[in-house]
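Computed from the coordinates by the stated procedures, all read-outs in this text should not be read as laboratory data. In this text the structure is predicted, and so the values were computed from the model without any measurement. All Cβ positions, glycine included, derive from the backbone under ideal geometry; neighbour counts span all protein chains shown.
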Amino acid sequence: MSVQKTLNGNQTIAEAVRQIDPDVMAAYPITPSTAIVETIAQFKADGLISGEYVCPESEHSAMSVCIGAASAGGRVMTATASQGLALMWEMLYIAAGLRLPIVASIVNRALAAPISIHGDHSDTMGARDAGWIQIYSENCQEAYDNFIQAFRIGENLDVRTPVMVGLDGFIISHSMEVVKTEDDAAVKKFVGEYQSVYPLLDTSKTFTVGPIDFTDYYFEHKRNQMEGIENAPKVILDVGKEFGETFGREYGFFEEYRMDDAEICIIVMSSAAGTCKDAVDELRDAGINIGLLKPRVFRPFPHHEIAEALRGKKAVAVLDRCASPGAFGAPLFTEVRSALYDLEDRPKIVNYVYGLGGRDIQIEHFKDVAKKLARIAETGKVEEIYGYINLRE
């Protein structure tokens, strides 16, 4: 039986960890993900989890422990943020290259310099090509649901790829919401028993882990790694559908909000999507046919499905909580724009960066974007393809 609890985002992740009870949880505390680690440690001290909790000397070491434990045959998770994820950098590639289905909760936080403890997507977007699946959460409920699903997705034998589950720092990690948590046994059943592949502790098999490859087979091994993430889309949809059948909340690649008859559209991920929904409702009441597309899965990027969802729209604004210095637009924008390239009736598209370092985005800001989109839809002209929201200049 499901139970409604008042939890913040960090607590929802810790609650899911308690229910799944991975074999090894290795993490080093860093704001704003510290409470995840503290709560897991408390669960261990209270005897509520049987898995091993390891607190090493750094995030680099934490991911190293995760890699070792997963290679040995364990179900493994970690949690970090910002500079902590950056310190894991070289180990992220090793985890992906070894096809280890580690699940990491990333409490999205700005990267220094200057130092900010508040939320944006610079950390995970910086790791977008490390070979990990990336899923983003709008609220505490989605953080809980996504984290549970991440184990099923990453551990699928056709995928065998690590997964990051993102939730916005402080905005979600420290905000209290009513969350529907599921029965412990039901969560355990949904996640299932872990099936290890080539565990190091199985001495009946002889194989090599992490060898020097040089030019002989490096290319082939990287291609094999990519096959796992290329197989992920079907698994993500299947797991999302099964989650819906089991718990009543189905998930796909993205959420469409009032998109059926929309002429213009805003695309935005994570917590800002909740504010955008309110803005869309108010704009609809004012007679503006606008919709929202909220990506949930960024890697693998569902380019075909997003292109189809945007087919026939007149104008689209992609909002990024991350900048990509020197690039032609920020990360989400470049992916969406590329996805639209082959459409004959593709919409005009613009990009706005918002919320760096946790800067607020409000309903009025979305309304300003909508006004610009309406003007583009009417004239067919884009005067400014790239801009900023709520920035003092």
Report task. May I ask for the distance between the Cα centers of the stretch 251-277 and the stretch 83-129, given as a whole number of Å? Result -> 25 Å
Query raised in the report: With each pseudo-label sitting 7 Å past Cα toward Cβ, what's the LEU157-SER58 distance in nm, one decimal?
Result: 3.9 nm
Report summary line: per DSSP, antiparallel bridges as share of beta bridges in the stretch 254-388, % nearest 5, sits at 20 percent
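Once every DSSP H run of n ≥ 4 in the chain is given -39500 (n - 2.57) and the sum is divided by its residues, what mean residue ellipticity at 222 nm do you get, rounded to the nearest 500 deg cm²/dmol?
-13000 deg cm²/dmol
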Report task. Could you calculate the FRET efficiency of PHE207 with LYS44 from 1/(1 + (r/R0)^6), where r is the beta carbon distance between them and R0 is 25 Å, rounded to 0.05? Result -> 0.20
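Taking the Cβ of each residue in THR208, THR6, THR334, THR80 as the centre, tally the other Cβ atoms inside 10 Å and list the residues starting with the fewest.
THR208, THR6, THR334, THR80
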Report task. Please work out whether the stretch 72-213 counts as rounded, prolate or oblate from its C-alpha gyration tensor, where a ≥ b ≥ c are the square roots of the eigenvalues and a/c under 1.5 means rounded, while otherwise a/b larger than b/c means prolate and anything else oblate? Result -> oblate
Report task. Looking at the stretch 3-247, send over the antiparallel percent of its DSSP beta bridges, to the nearest 5. Result -> 20 percent
Query raised in the report: Leaving out same-chain residues fewer than 8 places away, which lysines sit with a Cα under 22 Å from that of LYS5?
Result: LYS44, LYS180, LYS188, LYS189
**Report entry** Cβ-Cβ FRET estimate between ALA185 and ARG375, R0 fixed at 56 Å, reported to 0.05
**Finding:** 0.55
Report summary line: Residue separation between TRP89 and GLU220 times 0.36 nm, minus their alpha-carbon distance, gives in nm 44.9 nm
Report summary line: GNM on the chain, Cα springs under 10 Å; top mean-square fluctuation among THR275, THR215, THR181 goes to THR215
**Report entry** When each of LYS222/LYS294; LYS313/LYS367; LYS241/LYS277 is checked by Cα-Cα distance, pairs over 21 Å
**Finding:** LYS222/LYS294; LYS241/LYS277
Query raised in the report: Taking LYS205 as the anchor, which aspartates and glutamates have their alpha carbon closer than 14 Å to its alpha carbon, excluding any fewer than eight residues away along the same chain?
Result: none
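Using 0.36 nm times the number of residues separating GLU308 and ILE385, minus their current alpha carbon distance, what extension gain do you get? Write out the running numbers ahead of the final one.
Numbers: separation 77, 0.36 × 77 = 27.72 nm, distance 2.19 nm.
Gain on extension, GLU308 to ILE385, equals 25.5 nm.
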Query raised in the report: Points 7 angstrom from Cα along the Cβ direction at GLU230 and TYR194: gap in nanometres?
Result: 2.8 nm
